[in-house]
DNA sequence: CGTCCTTGGAGAAACGTATCTTCGACGTTC
DNA sequence: GAACGTCGAAGATACGTTTCTCCAAGGACG
């Protein structure tokens, strides 16, 4: 009596008949060992093609699906990647950068799936048990705050972490970010060239990297060109506060003749505020805001936006993470076939490798003074998306 | 020599020192058995509080994190819920209902996390190996097409499936949907009351439930009130096609004086088309579209929208699914403490339980004539909704 | 003819947890 | 004083894979 029959016997004794077919059932049905089944299905080992295809066929017939849990336990790899987003208050996701986040998450999901991984969304504030209840091969963190305890713990326990947004003070495997300084400088320059004399900024009160770097770049620019800074800051996670801040900015005695809004809804809010004050855009007020939404192509007038290219970011972040997971960088010439693939670790001393990605300024009517063709534009200008 | 020391010895011999602490290490450090550790940490068994807290403390000190994979394997539960969205063509997610999807996914994630589950996003078209590589306790499916093979297989293998959108012809554990018929009828009635004489529809060419039910309701209404149907259908997943279809609809010789657009961008597109043809909204053209976006509160004029209340849907779907997973419904008085919790199965004969949820019409300027006196009372449909 | 290499495959040991079963010790009760 | 219930905890097993190790058979080759 073969061992396969033995095990099958045990199985039949111990449990019901309705259970899902396991690898043992396939082995028994094909008359081979479970080793052979595993090798055949995974394309490993040295097996003649005939055996391989026969086993595959039997497995198919039995509707065999390998247990992901068992595989994960044995392999140490779950094929799961966490996508963590910092939460403001009660809401599970960031509200303000929502379009950005949605696009980024979409691209990240796509990229992960393309490499055989799946994404699981986990707010940073989740109860701890949810976190440790899930086997994660690595994590993407969006805009981690300074000293993020979650990131620190993950990193310490050997889980690769790649952050979207240059991390303040927590250790990550790698990070990706836009070149916010260059972006702000580019916009300020663009507005200046369009004739702006006093450029205002609508910014946020939170301390995330994006807000901080952008604001600092603005202040530095003001300092350099000798303009007095004109800005209003508001809690970006509060959807109502933006309109108020926009209003405040345009109500100032030193009213700017051009404004850059750091957050997605700012364009709409500024436009509404301008209308309220009888300011014409772009004649009296030049407008640019940072947004991924294409509604600004159809506003009256269309508003120039800065796109952070979230899809590119999401793809890059995920690919970096998976590279780290799969040890592309950490090889150190280890024994190839050993049980545990080497955990990724940074080289040791230096800061984590960061990647800066360019942004894209989509110039529309709101930031151009002299538009000789003020006629109503045709339905779809082909050049723009 | 205790068994714990034995096991620890084996462990130390077999592997490096840098590995994560396992339950055995905790047991050894606390001087108890692994049974006791497991019971202490999970709040099970009969242990005095003193032992419990001591074990917990040791576990904490060692930075012990239970292995999710092992727990899943043993328990049969992963705490993971799939969120599947049907894909149109190459894109990983539905484009047209994007705001809907984003909101719904957000609510679903929230609801799942609130009950200790996490969501993993899996396009229906994913390579099969990704699917079977993940241990899912259940799946939410958004708008499954007829005869969806994926849903069928999942259902057959005993994984609970709850669909958002009444399923065409595939077996699901339960489903949730809006009352699309009532919604469309409500809108048509609303437009009629605002003075519309000929109501047009902008609809899609795909066969999903939403499109089908809404269109049928429109046609039935037309039939009942004796209006000739005026509609244009376009591939809703193509973002550019919507503008063309809107244009086509307003260019017809039998141009409607009111339009309902089934998809999110229709409002913008219709507004642009109306402007192109010199039609004033709402004076010459009443406008309503189905959207979750709040940009329509700020368009010129603001556009009346139908909200499907995606957050409510997402929450409901997830709660139904988790109920099914946890066997709220399928108890059948089984032995309480047995190894495998009973898999959920439908009662047997009847159709799966469905829940219809109301929609919400957010009335704005685009669907209200300015002079209420000119309102012509339309042929009232008999109130059999 | 013995040795060595290659092919094809079987055995068995993990992976780390949860839980079922068992077992001693210690009152309690009749 | 013996049977009994309860408390506290240890032992052992199974969850379903993957993979390391090893073995048998059959040429090839000296």
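Kirkwood hydrodynamic radius, computed over distinct alpha-carbon pairs, for segment B:102-232: how many Å, to one decimal?
Numbers: mean 1/r = 0.0586 Å⁻¹.
Taking the inverse mean of 1/r over all distinct Cα pairs, segment B:102-232 comes out at 17.1 Å.
Considering only the label points, 7 Å along Cα→Cβ from Cα, what distances in nm to one decimal separate residue B:369 from the same position in each other copy, shortest first?
4.7
Using a 7 Å offset from Cα along the direction of the beta-carbon, what are the separations from residue A:272 to the same position in each other copy, nm, ascending?
2.3
Under the classification rounded if a/c is under 1.5, otherwise prolate if a/b is larger than b/c and oblate if not, where does segment B:166-251 fall, given a ≥ b ≥ c as square roots of the Cα gyration tensor eigenvalues? Walk me through the intermediate numbers first.
Values: a/c = 2.38, a/b = 1.27, b/c = 1.87.
Since a/c reaches 1.5 but b/c is at least a/b, the shape of segment B:166-251 is classed as oblate.
For an R0 of 22 angstrom, estimate the FRET efficiency from the Cβ-Cβ distance between residue A:50 and residue B:128 and round to the nearest 0.05.
Details: r = 24 Å, r/R0 = 1.08.
That pair, residue A:50 with residue B:128, gives E of 0.40.
If I model a spin label at residue A:272 and residue A:35 as a point 7 Å from the Cα along the Cα→Cβ vector, what separation in nanometres do I get?
Reported label-point gap for residue A:272 and residue A:35 is 7.1 nm.
Between residue A:192 and residue A:147, what FRET efficiency comes out of the Förster formula 1/(1 + (r/R0)^6) with R0 = 41 Å and r the beta carbon distance, rounded to 0.05? Before the final figure, lay out the partial values.
Values: r = 38 Å, r/R0 = 0.92.
Result of the calculation: an efficiency of 0.60.
How far is it, in nm, from the label point at residue B:179 to the one at residue B:207 when both lie 7 Å from their Cα along the line to the Cβ?
2.9
In whole angstrom, how far apart do the alpha carbon centroids of segment B:26-82 and segment B:189-230 sit?
That distance is 59 Å.
Classify segment B:224-292 from the C-alpha gyration tensor, please: rounded if a/c falls under 1.5, else prolate or oblate depending on whether a/b exceeds b/c. Intermediate results must be reported in sequence, preceding the final value.
Numbers: a/c = 1.44, a/b = 1.19, b/c = 1.22.
In terms of gyration-tensor shape, rounded.
Looking at segment B:109-163, I'd like the Rg to Rh ratio, where Rg is from alpha-carbon atoms and Rh is Kirkwood's inverse mean 1/r. Show your work: numbers first, answer last.
Working: Rg = 11.5 Å, Rh = 12.1 Å.
Result for segment B:109-163 is an Rg/Rh of 0.95.
With viscosity set to 0.890 mPa s at 25 °C, what whole-number translational diffusion coefficient in µm²/s follows for segment B:193-325 from Stokes-Einstein and a Kirkwood radius over Cα pairs?
Details: Rh = 15.7 Å.
Translational diffusion coefficient: 157 µm²/s.
Between copies, how far apart are the residue A:169 label points? List them in nm, one decimal, shortest first, with each point 7 Å from Cα toward Cβ, please?
Nearest to farthest, the other copies are at 6.3 nm.
Which translational diffusion coefficient, to the nearest whole µm²/s, is obtained for segment A:21-136 from the Stokes-Einstein equation, given a Kirkwood hydrodynamic radius over C-alpha pairs, 37 °C and 0.692 mPa s? Numbers along the way, then the final one.
Numbers: Rh = 17.1 Å.
D, rounded to a whole number, is 192 µm²/s.
Can you pull a Stokes-Einstein diffusion coefficient for segment A:29-79 at 10 °C (1.306 mPa s), Rh from Kirkwood over Cα pairs, as a whole number of µm²/s? Display every interim value, and only then the final one.
On the way: Rh = 11.6 Å.
Answer, rounded: 137 µm²/s.
Each value in this text was obtained by applying a stated rule to the coordinates, not by laboratory testing. A quick note: this is a predicted structure, and the numbers were derived from the prediction, not measured. Reconstructed Cβ throughout: ideal geometry from the backbone, glycine too, with neighbour counts over all protein chains shown.
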